[in-house]
1. Take the residues of the stretch 516-540 that are more than 28 Å from the chain's Cα centre (by Cα) and not in a loop (DSSP other than H, G, I, E, B): which is farthest from residue 439 (Cα to Cα)?
2. Report the residue count in the stretch 128-147 for those that are closer than 16 Å to residue 28 by Cβ and surrounded by 18 or more Cβ atoms within 10 Å (Cβ to Cβ).
3. Mind telling me which of the residues 275, 259, 308, 327 ends up being at pLDDT 95 or above and in a loop (DSSP other than H, G, I, E, B)?
4. Take the conditions in the same structural domain as residue 570 (by TED's automatic domain parsing), more than 28 Å from residue 25 (Cα to Cα), in contact with a helix residue (DSSP H, G or I) (Cβ under 9 Å, 6 or more places away or on another chain) and modelled with pLDDT of 95 or more and apply them to residue 498. Does it pass?
5. Tell me the residue from 436, 405 that is more than 20 Å from the chain's Cα centre (by Cα) and part of a helix (DSSP H, G or I), please.
6. When you check residue 267 against the structure, is it closer than 30 Å to residue 87 by Cβ and out of contact with any strand residue (DSSP E or B) (no Cβ under 8 Å at 6 or more places or on another chain), yes or no?
7. Among (1) within 23 Å of residue 220 (Cβ to Cβ); (2) in contact (Cβ under 8 Å) with a residue 12 or more places away in the chain; (3) part of a helix (DSSP H, G or I), there is one condition residue 425 misses while meeting the rest; what is its number?
8. For the stretch 154-171, state whether one or more residues are more than 30 Å from residue 86 (Cα to Cα), touching a helix residue (DSSP H, G or I) at 6+ places or on another chain (Cβ under 7 Å), touching a residue at least 24 places away in the same chain (Cβ under 8 Å) and surrounded by 20 or more Cβ atoms within 10 Å (Cβ to Cβ).
């Protein structure tokens with residue numbers, strides 16, 4: 001007898017997002033965490049547009065915005081001799097610059113925000129619990145066994161030491177970078193753990209006078225008074241603008257543990273701030289290590305893993321938490337469909353096929369971003385000088401030829417850092433190739449019109465996320481194409497000329513399938529934005545998955561409803577691993593939308 005449908009090990013961003021997606025679909029899930037509560041340190045914080053789109057789909061975007069630092073406060077990234085001292089250069093980051101903001105606004109109905117893990121995780125977790133997910137803290141995963149029908153996990157109550165078993169149809173390993181689930185599964189891991197080290201100190205101090213006029217989440221400190229490891233700079237990161245901060249600096253792991261004495265920590269913070277009159281209130285000091293490792297396979301049979309358990313990397317580029325959330329979003333709907341009998345087991349294989357390449361890309365990108373500080377460091381250093389950094393700063397301000405060359409090099413070095421701080425393409429241009437995507441016949445590789453890492457490229461090619469375009473509802477208010485798709489359902493998107501698809505959806509009559517007719521009173525394309533980006537004829541159709549990814553498209557369309565039904569049915573069967581659609585349970589069947597219905601609630 002199953003005690004739950006899905007057992008989730010770990011209540012972090014991946015575990016809680018998965019739970020929320022399952023709970024929204026009415027699937028039983030149980031979350032266990034070895035801790036007493038959520039994350040207790042402000043680790044991940046940068047939240048990009050794609051993650052915010054996931055939050056929008058799951059119904060928590062307003063809650064996230066309420067507790068986050070808004071986009072405009074993320075602002076510039078500074079490179080300065082200390083927070084109080086002379087600046088060297090600034091960089092417009094996270095899409096806030098005049099040259100990039102339009103790209104970000106066109107790409108998504110969501111901007112970026114900065115929200116720390118101790119604030120984000122409870123939002124996801126609480127909403128999942130409200131929707132029916134059950135949970136247990138102070139509960140440790142011990143091991144598991146699989147059989148043809150399910151998973152039996154052994155858990156331990158950390159308060160009394162009692163061990164007990166939980167039976168589930170499936171299990172999710174979201175237990176972090178030292179994942180026991182991944183270890184027990186023997187998932188293949190490539191790369192290297194702990195290749196460099198960093199000290200992080202959380203402290204309270206009102207530094208408004210140095211930050212309020214130049215809002216910046218990240219401040220890099222170039223100073224001759226301290227050595228700062230691999231990146232070569234110290235960091236002051238705003239946790240709660242502008243009164244709570246993290247001071248960060250690297251250390252050489254080959255020389256043993258760093259000096260974490262209070263006197264040394266205070267001296268480092270003093271150097272970074274540059275104002276001896278400020279006495280920081282130190283909250284906590286910790287050490288973490290730079291990992292460069294990723295799993296090439298995310299699952300075995302009925303156990304699937306995600307988040308830091310399968311992609312382990314530094315916070316550079318701000319990709320970690322965002323990737324964890326997207327893992328959970330991808331996995332949640334697939335587990336729900338299989339549990340409900342709406343899909344065959346092969347659908348779950350597509351999770352690893354789709355997310356493992358993304359995890360690898362993120363790990364390599366984050367580590368490369370750290371290496372890409374080397375050209376900037378070279379601008380502020382004179383090799384062979386008694387104090388290379390002091391000499392480099394003097395040279396950087398020199399009006400002579402060497403100073404001119406250093407400042408010119410700084411421009412090129414900042415251009416290179418665009419791939420960390422304005423890498424919208426890395427965040428938004430994911431393309432899936434899997435059994436849950438039906439590629440266009442005869443189409444060659446996608447051609448990238450601009451730098452793939454820097455710029456978002458909207459497309460309706462199968463495997464890509466449906467492009468954002470503003471539509472207008474019957475109340476006259478704007479809504480995104482992302483708002484009329486997703487929400488746990490498959491959506492057929494067509495135009496007024498696609499009447500055959502409306503009839504096909506009515507005939508197929510599936511509990512999870514709806515249709516949106518752009519141009520109808522329910523989804524007017526008044527700006528002609530959708531017409532510009534849809535890449536199909538008005539009579540054509542897109543089949544959009546619950547995670548917003550285009551699963552299949554028919555570019556030209558057909559006027560024959562029987563032919564439309566045949567094509568659409570074949571696509572759904574292929575994506576969901578179903579030999580025939582009659583096998584789908586009928587008791588949860590609901591009436592699909594037609595062109596006269598309100599698509600959002602169909």
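1. We begin by selecting, within the stretch 516-540, every residue more than 28 Å from the chain's Cα centre (by Cα); these are 517-528, 531, 536-540.
Those left that are additionally not in a loop (DSSP other than H, G, I, E, B): 517-518, 524, 531.
Details: 517: 23, 518: 23, 524: 28, 531: 21 Å.
That would be 524.
2. Within the stretch 128-147, the first condition is being closer than 16 Å to residue 28 by Cβ, and the residues that meet it are 128-136.
Right, trim to surrounded by 18 or more Cβ atoms within 10 Å (Cβ to Cβ) and you get 128, 131, 133, 135.
Looking only at that region, the number is 4.
3. 275
4. When the stated conditions are applied, residue 498 passes them.
5. Numbers: 436 fails: part of a helix (DSSP H, G or I).
After ruling out the rest, the residue left standing is 405.
6. Numbers: closer than 30 Å to residue 87 by Cβ: yes; out of contact with any strand residue (DSSP E or B) (no Cβ under 8 Å at 6 or more places or on another chain): yes.
In short, yes.
7. Result: residue 425 fails condition (1) only.
8. Kept after step one, since they are more than 30 Å from residue 86 (Cα to Cα), are these residues of the stretch 154-171: 154-171.
Among the residues that remain, those that are also touching a helix residue (DSSP H, G or I) at 6+ places or on another chain (Cβ under 7 Å) are: 169-170.
Okay, now just the ones that are also touching a residue at least 24 places away in the same chain (Cβ under 8 Å), so 169-170.
Now narrow it down to the ones that are surrounded by 20 or more Cβ atoms within 10 Å (Cβ to Cβ): 170.
For the stretch 154-171, residues more than 30 Å from residue 86 (Cα to Cα), touching a helix residue (DSSP H, G or I) at 6+ places or on another chain (Cβ under 7 Å), touching a residue at least 24 places away in the same chain (Cβ under 8 Å) and surrounded by 20 or more Cβ atoms within 10 Å (Cβ to Cβ): present.
The values are calculated or read from the model by the stated rules, or taken from the named source; none is laboratory data. As the structure is a prediction and not an experimental result, all values here were calculated from the model. Positions of Cβ are backbone-derived with ideal geometry, glycine not excepted, and every protein chain shown enters the neighbour counts.
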